[in-house]
Ligand SMILES: NC(=O)c1ccc[n+]([C@@H]2O[C@H](COP(=O)([O-])OP(=O)(O)OC[C@H]3O[C@@H](n4cnc5c(N)ncnc54)[C@H](O)[C@@H]3O)[C@@H](O)[C@H]2O)c1
């Protein structure tokens, strides 16, 4: 890495993009190198922080339209966090958009990098646990085959292959991190099929009702937004030699049932919070979520130093600290 760094975040107006930006504003270094400049790109206008210790420029544009990716990398940012994408629920209901944004947009970005001479940035790509599909026999391990059961997962798997090939050819140094469900997601619900994992904690703690569309027995794996940002920053500074021939890897996650999530909610919000969960089964969501793996053994990521949450209680505690000013229970 050079003496100072220009960072590009695609999908910068999204949940993870905003949290990543906030963290870099607080701690403006990557692997000890100061961040000197930041470019934010999103189809929705990204918010520029009022006071940042580096120069921030913001671009509003659709990465899947010709020319947008080239413009975004024109100044050759040294580190690119590629987060832009259509999430799982929307991808399943709008195939054309899912493939255009998630596959074509990613390829445009990768080709824009490839077309520059003397340019080899770090590219961190947010893949997803949705690249795996059943049948599952126990936890998914690092060498489990990719057979996605959703169009979202297919697009992520395609982009992982592109990332691996472009990295192998030396166009950039890519790291693909397969994120589990990010729970508790702050703000309004989005169109992700996994949204209810967060809603059943977030809404009751805010004094609102939440819909639970699946069985209490469903087992699933989670990482807090705080842990996810830690994964992104670690991926940005990881020594490429340590990754070997497989630049895409599953991130560690906390596995628990919906019932265990609800018990963690009860510990901070009491029975009143738990009573705000309404059970209304949804067959589309059940079908998508049941096709995802429930548990992982992310040994490679752990050996490479990615640090997960301790348990679901800690995930709820992070939400209370980061989003509710440390005070739970409305
Ligand atoms: N949050 C999770 O649980 C989770 C889990 C696994 C993987 N991921 C992946 O992490 C990334 C970020 O997730 P998030 O939770 O912040 O999602 P998000 O929906 O909050 O953010 C995605 C952003 O991408 C932008 N975007 C969509 N189409 C675009 C386009 N054509 N051009 C430019 N920008 C575009 C959206 O406007 C949005 O701001 C995504 O790639 C997502 O697939 C998220």
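Remarks
- Here residue 89 does not fit the description of being near the ligand (Cβ under 9 Å from one of its atoms), within 23 Å of residue 229 (Cα to Cα) and not in a loop (DSSP other than H, G, I, E, B).
- Among the residues making up the stretch 146-159, those that are within 12 Å of the ligand (Cβ to nearest atom) and under 16 Å from residue 296 (Cβ atoms) are 153, 156.
- Tally, over the stretch 59-70, of residues that are more than 21 Å from the chain's Cα centre (by Cα) and surrounded by 13 or more Cβ atoms within 10 Å (Cβ to Cβ): 3
- Hits in the stretch 175-194 (condition: modelled with pLDDT under 95 and either over 25 Å from residue 307 (Cβ atoms) or more than 11 Å from the ligand (Cβ to nearest atom) (or both)): 188, 189, 190, 191, 193
- When residues of the stretch 1-58 are limited to those that are assigned to a strand (DSSP E or B) and within 9 Å of the ligand (Cβ to nearest atom), the one surrounded by the fewest Cβ atoms within 10 Å (Cβ to Cβ): 42
- Filter pass, residue 30 being within 23 Å of residue 179 (Cβ to Cβ), modelled with pLDDT of 95 or more and over 15 Å from the mean Cα position of the chain (by Cα): yes
- Scanning the stretch 244-254 for residues that are within 21 Å of the chain's Cα centre (by Cα) and either surrounded by fewer than 19 Cβ atoms within 10 Å (Cβ to Cβ) or assigned to a loop (DSSP other than H, G, I, E, B) (or both) turns up 246, 247, 251, 252, 253.
- Meets criteria (more than 23 Å from residue 181 (Cα to Cα), assigned to a loop (DSSP other than H, G, I, E, B) and more than 15 Å from the ligand (Cβ to nearest atom)) for residue 77: yes
- Qualifying residues in the stretch 255-293 (those that are within 15 Å of residue 196 (Cβ to Cβ) and in a loop (DSSP other than H, G, I, E, B)) - the one modelled with the lowest pLDDT: 292
- Checked against (1) within 23 Å of residue 229 (Cβ to Cβ); (2) in a loop (DSSP other than H, G, I, E, B), residue 176 passes all but a single condition, namely (2).
The values are calculated or read from the model by the stated rules, or taken from the named source; none is laboratory data. Note that the coordinates shown come from a computational prediction; the quantities given were computed from them, not determined experimentally. We place every Cβ from the backbone using ideal geometry, glycine too, and count neighbours over all the protein chains shown.
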